[in-house]
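Quick note: the coordinates plus some simple rules give every number you see, no bench work behind them. All of these numbers come straight from a predicted model, not from anything done at the bench. Cβ placement follows ideal geometry from the backbone for every residue including glycine, while neighbour counts extend to all protein chains displayed.
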Amino acid sequence: LAASFVAEHQGGPQLLYALFFGMAFNFAAEGEKIRAGIEFASRQVLRFGVALLGARITAEQLAGLGADSIAMVAGGVVATILFGALIGRLLGRPGTEGVLTGGAVAICGASAALAISAVLPKNEENQRFTLFTVVGVTALSTVAMVVYPSLVKAFGLDANAAAVFIGGTIHDVAQVVAAGYIISPEVGDGAVFVKLFRVAMLLPVVAVVSLLFRDGTASGKKPPVLPGFLVGFAVLV
């Protein structure tokens with residue numbers, strides 16, 4: 001609520017303010033009563049919120065993109081996740097980190113990072129890296145929102161190409177809206193449709209990640225084959 005209030009009155013991304021508040025009041029997690037609320041919000045409330053993303057997507061919107069655009073965006077999502085996994089391996093990091101960062105960039109930024117993290121083995125290292133990913137992808141998305149409309153004009157892209165570029169690359173839905181409508185209403189509408197298709201990719205991606213890491217770790221808890229929040233996501237779509 002505080003982050004929403006500041007974003008509405010001062011401008012800027014709501015999630016970034018929420019992260020600032022969270023870091024500022026991090027000490028509050030030491031209290032047992034507050035810790036219970038934080039754990040409830042980071043599990044049940046978070047998963048409910050991810051499921052609600054499905055309410056933003058309609059079959060008509062997906063069909064309106066056209067087969068070529070859908071294939072290109074889907075291929076981009078898969079390639080980005082695989083590239084993240086490859087970079088993670090080259091840097092000697094755990095496989096969970098490469099998949100988490102790749103999925104966050106490929107789909108919908110912080111929301112995807114949190115959804116993927118929800119089906120990864122639970123341990124302190126994964127939780128720390130999830131926070132790092134959320135902060136990083138939010139910062140990058142904010143930069144992209146400001147810079148990418150200028151790139152569209154510099155390269156002289158038409159409305160369709162601009163919509164696919166903006167909707168297919170910027171991470172957060174709200175920032176896709178901002179960047180697209182800066183250029184034109186037509187680009188904004190198309191960019192949002194493309195972006196929502198990327199959000200729809202969250203369902204198969206998280207399901208595959210859940211299966212890949214189902215064995216868990218020594219300190220982690222084995223996630224379900226198909227988490228309940230993904231079922232809710234599909235039903236709402």
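With 0.36 nm allotted per residue and the present C-alpha distance subtracted, the Glu30-Val235 stretch has 70.0 nm of extension available.
Estimated from helical segments only, the mean residue ellipticity of the chain at 222 nm is -23500 deg cm²/dmol, where each DSSP H run of four or more residues counts as -39500 (n - 2.57). Once the Cβ-Cβ distance of Ala55 and Ile182 is raised to the sixth power relative to R0 = 25 Å, the FRET efficiency obtained is 0.45. Take the Cβ atoms of Leu1 and Gln44, set R0 to 22 Å, and the FRET efficiency comes out at 0.75.
Extending 7 Å from Cα along the Cβ direction at Leu131 and again at Ser150 yields two label points whose distance is 3.3 nm. Taking a straight line from the alpha carbon of Lys195, these aspartates and glutamates sit under 19 Å away, with near neighbours fewer than eight places off in the same chain left out: Glu60, Asp68, Asp158, Asp172, Glu186. Would you mind telling me which residue in Val206, Val147, Val177 has the biggest mean-square fluctuation in a Gaussian network model of the chain, where springs connect alpha carbons within a distance under 10 angstrom? For the chain, modelled as a Gaussian network with Cα springs under 10 Å, the answer is Val147. Helices in the chain that qualify as membrane-span-like (whole DSSP H runs, Cα extent of at least 18 Å along the helix axis, mean Kyte-Doolittle hydropathy of -0.5 or higher) are 67-90, 124-155, 185-200. Tell me, Kirkwood radius of the chain from alpha-carbon pair distances, in Å? It works out to 18.5 Å.
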